[in-house]
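Data first, discussion second: the structure below is written as structure tokens.
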Amino acid sequence: MPMSNVKEGMFDPIEKGERKRQTRKRKRQEEWVPVAVVPLEAGPAPAYHNIHGAPSAIYEYRDLNRDLICTVNRFDLAEGKKEFFPASFCEHSVSKEKEWRWKAPLEPRPLYNAQLLSEKPSATVILCEGEKAADVAAILCPDHIAVSTMGGSNAAGKTIKPPDNQFITSSQQI
């Protein structure tokens, strides 16, 4: 009797280098699931990374109600390089323990400065490349709202966008 779920080539041998490595560490990380909104009792987000030390900047990502979703920590490295690590408040899928982890929030990811969209609903929105640029644009253009996607243009597809992002109308965008 033929199996209906079997696809052609499903059981072909795997070529060298084709197999994805899975480690125990990765499996343990996946057991921690970011919560949608950080509860008030969560305490402060981590401000120190075990490899990179103290960040040069910490960017808070909030929703339209100003509730904290996560933080993104910027680390300026040697030779002008930089690293970014998001920190999310997570719940362990088995133990239900909750704590801050170096982990991105669930997709779709929030916009940086999204809380300003509900404060100034008719303001023009400037979409910037990165949180640092959004902060500078906010200073230079105080009547506008400067937002950024988490992870810059490399991860823009993982961020809330129309039609889900109905709080930005086409007349507001630059």
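The values are calculated or read from the model by the stated rules, or taken from the named source; none is laboratory data. If you're wondering where the values come from, they're calculated on a predicted model, not measured in any experiment. All Cβ positions, glycine included, derive from the backbone under ideal geometry; neighbour counts span all protein chains shown. Quick note on the areas: whole protein, heavy atoms, side chains included, nothing else; ligands and nucleic acids left out. Shrake-Rupley method; radii C 1.70, N 1.55, O 1.52, S 1.80 Å.
The table below gives the values:
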read-out: Net lengthening on full extension, residue 41/residue 54 (0.36 nm per residue, minus Cα-Cα); value: 2.4 nm
read-out: Burial order of peptide ranges 77-89, 145-157 (average beta-carbon count within 10 Å, highest first); value: 145-157, 77-89
read-out: Fully extended contour minus Cα-Cα distance, from residue 66 to residue 133, at 0.36 nm per residue; value: 22.0 nm
read-out: Subset of 96/120; 98/120; 81/103; 82/103; 82/120 violating a 29 Å alpha-carbon distance limit; value: 96/120; 98/120; 82/120
read-out: Coil-residue trypsin sites (Lys or Arg not before Pro) of region 30-75, DSSP, other Cβ within 10 Å capped at 14; value: 66
read-out: Inter-probe distance in nm under a simple model that places probes 7 Å from Cα toward Cβ, at residue 140 and residue 91; value: 4.3 nm
read-out: Protein accessible area in region 73-128, 1.4 Å probe - carbon and sulfur %; value: 51 percent
read-out: Peptides ranked, highest mean first, by Cβ atoms within 10 Å: ranges 34-47, 115-128; value: 115-128, 34-47
